[in-house]
1. Quote the charge dipole size of the protein assembly as shown about the Cα centre in Debye, to the nearest 20; the model charges only the Cβ of Lys and Arg (+1) and of Asp and Glu (-1).
2. Subtracting the Cα-Cα distance from 0.36 nm times the residue separation, let me have the gained length for B:THR301 to B:ARG197 in nm, one decimal.
3. Could you work out the per residue convex hull volume over the alpha carbons of region B:254-311, in cubic angstrom?
4. Rounded to the nearest 0.05, what FRET efficiency do B:ASN264 and B:ASP244 have when you use their Cβ-Cβ distance and R0 = 56 Å?
5. Based on the Kirkwood radius over alpha-carbon pairs, what value in µm²/s does the Stokes-Einstein equation return for the translational diffusion coefficient of chain B at 10 °C and 1.306 mPa s?
6. Under the √(5λ) rule applied to the eigenvalues of the Cα gyration tensor, what semi-axes describe the equivalent ellipsoid of region A:193-267? Give them in Å, descending.
7. In region B:71-164, which GluC sites (Glu not before Pro) fall in coil by DSSP and have 16 or fewer other Cβ atoms within 10 Å?
8. Per DSSP H run of at least 4 residues, take -39500 (n - 2.57); add these up for chain B, divide by its residues and hand me the 222 nm value, nearest 500 deg cm²/dmol.
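Where a number appears in this text, it was derived from the coordinates with a stated rule and is not lab data. As the structure is a computational prediction, the values presented were derived from the model and not from experiment. Cβ coordinates were reconstructed from backbone atoms using ideal geometry, including for glycine residues, and neighbour counts include every protein chain displayed.
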Amino acid sequence: MKSTIRMYLGYMRLSILQQFQYPVRNYFYMVGMIAEPIIYLVVWQTVARARGGAVGGFTAGEIAAYYIVWTLVRNMNIVLTPYAWENRIQRGQLSGQLLRPIHPLHIDLAYFTGWKFVVIAMWLPIAAVLILVFQPAIQLSLGNVAAFVIALWGGFLVRFMLQWALGMLSFWTTRVNAVFQLYFTIELLLSGRFVPLSFLPDWAQSIAGWLPFKWAFGYPIEVILGRWSPQEIFFGFAMQAVWVLIGLAIIALVWRAGVSRFSSVGN
Amino acid sequence: MSAPTATIHVTNLSKTFHVPEREAGIKAALRSLVHRKTRDVKAVDQIAFDVTPGEVVGFLGPNGAGKTTTLKMLSGLLYPTSGEVTVLGHVPSRREKDFLRRITLIMGNRNQLQWDIPAIDSFELNRDVYRIPDADYKRTRDEFIELLDLENLVHKPVRNLSLGERMKMEIAGALLHRPQVLFLDEPTIGLDVTMQRRLREFIAEYNRRNGATVLLTSHYMADVEALCKRVIVIHRGHILFDGDFRALVDRFSAYKTIVVTLANHQLDLTEYGQVIAADAGKVTLHVPKSETARITARLLTDLPVDDLTIEDPPIADVIERVFAQDAPE
């Protein structure tokens, strides 16, 4: 256990060092990612004002709060994509990982976890500017903030595990772009990234509840906005745990076959 | 039966790849969507050998001979199609942690160090991954830094290093956990002569100090001559020769080189052998190996010889001759 923690800290440290190697580039990348939520924010605030101050149960100020927290959750949601998986296999990088006495899942998880600490530190000044400009309406409580922190990392884990599992398709074929695209489109619509889920019709909201995307994206945002009761928050934690376990189960089931396939073909 | 002392034991090892193939053109591309044609390529075919602890063995063969495929099977990256392999008592394809902690595979054309940060940070990561105790890590790191002259390089980002510097760093990083078995695939590829020699000396020193077993592929004969007492020659997936390096030269060198220095610069020596060079009374002849003694005696008897030396042909020529012999298709 101690050596596993040491290995995790080692990869987290490496990840942080790499992020600091190109601080300006990384910062511009992060700032560039703000364009998407700003567009959503301005559009929905305009709609809210046109409708007398609110849309889908959100006031203009709450919409601002939603999309400002969105910027952090979106960055926390960046994990190893299936495209990176494909690239890793094609360029032979997986071979290097397979030679290490450690499961590559640990390597990636440790690496991305380290990266997230840099992301949070870099997000704080961006959030400060957005708060000044858009005047969000948010009532923070200690309980909500604590629940948000757990939900934020839980969301990262949900997305990490499921994307990792999806990426393993690359063991068998490199022609799954269309599958990935479909997955990402459904995720965009039903996660709370495109619009808060309460803007969607009831049937879409109930489908979203049974899929993993909302638990990685919309749920942490709505937790900090204080829109969820304590019971609902705990239910959310449970759903995150379920999806993490589902992801892990898929990985455990598919990994051996995938590596066996890779080891037959090689790179 | 596995030889009890063998570090590496290989029996009837084969690897077949199913390679997709199609004709050129859009028609063929469309046809391949519904009817995918594949061809079986036997990269390694029924090879067998043992390597004992501390041995340094050169694995020779032209491109596509099956060298890298074999090294990948020995290090657990490729599943054999058939046959048996054990390395340090482990079946490599199971990739057990204890096995992976005791081996290393260095590929001259692959980069394992983190590109953007100084190598020293990657070294520390390897310490954590391979669970190297701090004291051992520091001792090994400092030893490698000294042996490979890395003092001024370890703190530079890897991307700023030259190819040779990077390769030195790769090797140091890959050996920090003091593996007992080293699989080296073209470790000196693309390096200049000085850097090649430096790395050879380091590998020899590592082998001497740690008693490590080394299996090395290289197209540079100097690597093999300097490091390997034993060589395995592989061609089209088959082993053509396995034995002492000098025995390889004896068996496959068809000729010897006689360099003779004459007092009379005008003499024509074509009747004694194939004249390869003639310059200011110094003539280089190729003579059939079996005729060497007789021709030498004739030269000394017939001609005013000032000096005469007999040499083996360059090892590269010998290897070329081994590959040129008919290997089963």
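1. On the way: 60 positive and 53 negative charges, 450 e Å.
Dipole about the Cα centre, nearest 20: 2160 debye.
2. Working: separation 104, 0.36 × 104 = 37.44 nm, distance 4.23 nm.
So the chain would gain 33.2 nm between B:THR301 and B:ARG197.
3. Values: hull volume 3.9 nm³, N = 58.
Hull volume over Cα atoms, normalised by residue count, gives 67 Å³.
4. Numbers: r = 41 Å, r/R0 = 0.73.
According to the calculation, E is roughly 0.85.
5. On the way: Rh = 22.8 Å.
The calculation lands on 70 µm²/s.
6. On the way: eigenvalues 233, 41, 21 Å².
Result for region A:193-267: semi-axes of 34, 14, 10 Å.
7. Working: sites: B:GLU84, B:GLU96, B:GLU124, B:GLU143, B:GLU146, B:GLU151; in loops: B:GLU96, B:GLU151.
Taking region B:71-164 and a limit of 16 other Cβ atoms within 10 Å, the loop GluC sites (Glu not before Pro) found are B:GLU96, B:GLU151.
8. Working: 11 runs with 114 residues, N = 329.
That comes out to -10500 deg cm²/dmol.
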